[in-house]
Amino acid sequence: NSIDSHVIAIGGNDKRLCLWNTSEANHHTITLKPFMNKIQSGVLALSWHPQKDNLIAFGTREGRIAILDTNRTTNVPIILESFTSHEIYSLAWAKFNENGSEVILLLACSGGKLVHYSQKDFKLHHLKDFSEINSISTSEKHLALGTSRGDLLICDMSCDFRVLMQKKLCKKYIGMMCW
């Protein structure tokens, strides 16, 4: 968790998402807090909200994207509109400058498609200028995209995802990146 560094989110093939608070662990006991509601397949992608320590987005093997509020007693995530029925490869929250005001977006990719959801309404928006996207990584002002062709794209988050740089790094896909 970017705000509380003691909390680690763990997703796996057993159709659940678990939180581990390392500050509560002792020598003989590791306690995981499981979340399983509405998770119908393996969790492949996780992303903590950059400003709220209780919100985590997750993506599943079946293409489901949801946002879980870990403080809610019901443990039921908000399921977002789907754009694929395939694996969600990567998720990332990002700050985006929209008409002079800062908006938080949730970016997701699967099967080469890149989409985003705005935090204010969580409506699905396709980014059609990008194809074959396999991985996403965000920084304060930039978005890094990895493609299935082995290309790395760096985009400006303050200027409508304008591509600043594109470079071929390898022959096949870029599976993961991190700032």
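Only one residue in Ala57, Ala45 is under 20 Å from Leu105 (Cβ atoms), in contact (Cβ under 8 Å) with a residue 24 or more places away in the chain and touching a Gly at 6+ places or on another chain (Cβ under 7 Å), so which one is that?
Numbers: Ala57 fails: touching a Gly at 6+ places or on another chain (Cβ under 7 Å).
Answer to the selection: Ala45.
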- [ ] With the condition kept exactly as written, say whether any residue in segment 42-52 is more than 20 Å from Ile136 (Cβ to Cβ) and in a loop (DSSP other than H, G, I, E, B).
- [x] no
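Taking the options Ile104, Ile133, name whichever one is closer than 20 Å to Leu68 by Cβ, touching a residue at least 12 places away in the same chain (Cβ under 8 Å) and buried (at least 17 other Cβ atoms within 10 Å of the Cβ). First the steps, then the outcome.
Values: Ile133 fails: closer than 20 Å to Leu68 by Cβ.
Result of the check over Ile104, Ile133: Ile104.
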Of those in segment 168-179 that are closer than 19 Å to Lys141 by Cα and not aliphatic (A, V, I, L, M), the residue surrounded by the most Cβ atoms within 10 Å (Cβ to Cβ) is Trp179
Within segment 16-43, restricting to residues that are among the hydrophobic types (A, V, I, L, M, F, W, C) and over 30 Å from Ser85 (Cβ atoms), the one that is least open to solvent (accessible area, probe 1.4 Å) is Ala25
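Being among the small types (Gly, Ala, Ser) and in a strand (DSSP E or B) is the filter; apply it to segment 53-71 and report the residue that is surrounded by the most Cβ atoms within 10 Å (Cβ to Cβ). Before you say what the answer is, go through the steps one by one.
Residues of segment 53-71 among the small types (Gly, Ala, Ser): 57, 59, 63, 66.
Keeping just the survivors that are in a strand (DSSP E or B) gives 57, 59, 66.
On the way: Ala57: 24, Gly59: 26, Ala66: 19.
This residue is Gly59.
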Restricting segment 134-149 to residues that are touching a strand residue (DSSP E or B) at 6+ places or on another chain (Cβ under 6 Å) and not polar (S, T, N, Q), the one farthest from Gly175 (Cα to Cα) turns out to be His142
Being surrounded by 13 or more Cβ atoms within 10 Å (Cβ to Cβ) and farther than 16 Å from Ser47 by Cβ narrows Gly150, Gly146 down to just Gly150
Test: Leu107 is under 30 Å from Arg162 (Cβ atoms), more than 10 Å from the chain's Cα centre (by Cα) and at pLDDT 95 or above: no
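The values are calculated or read from the model by the stated rules, or taken from the named source; none is laboratory data. This is a predicted model, so every value here is computed, not measured. Every residue, glycine as well, gets a Cβ built from its backbone with ideal geometry; the counts of neighbours run over all protein chains shown. The area values use the complete protein model at the heavy-atom level, side chains included, leaving out ligands, DNA and RNA. Shrake-Rupley method; radii C 1.70, N 1.55, O 1.52, S 1.80 Å.
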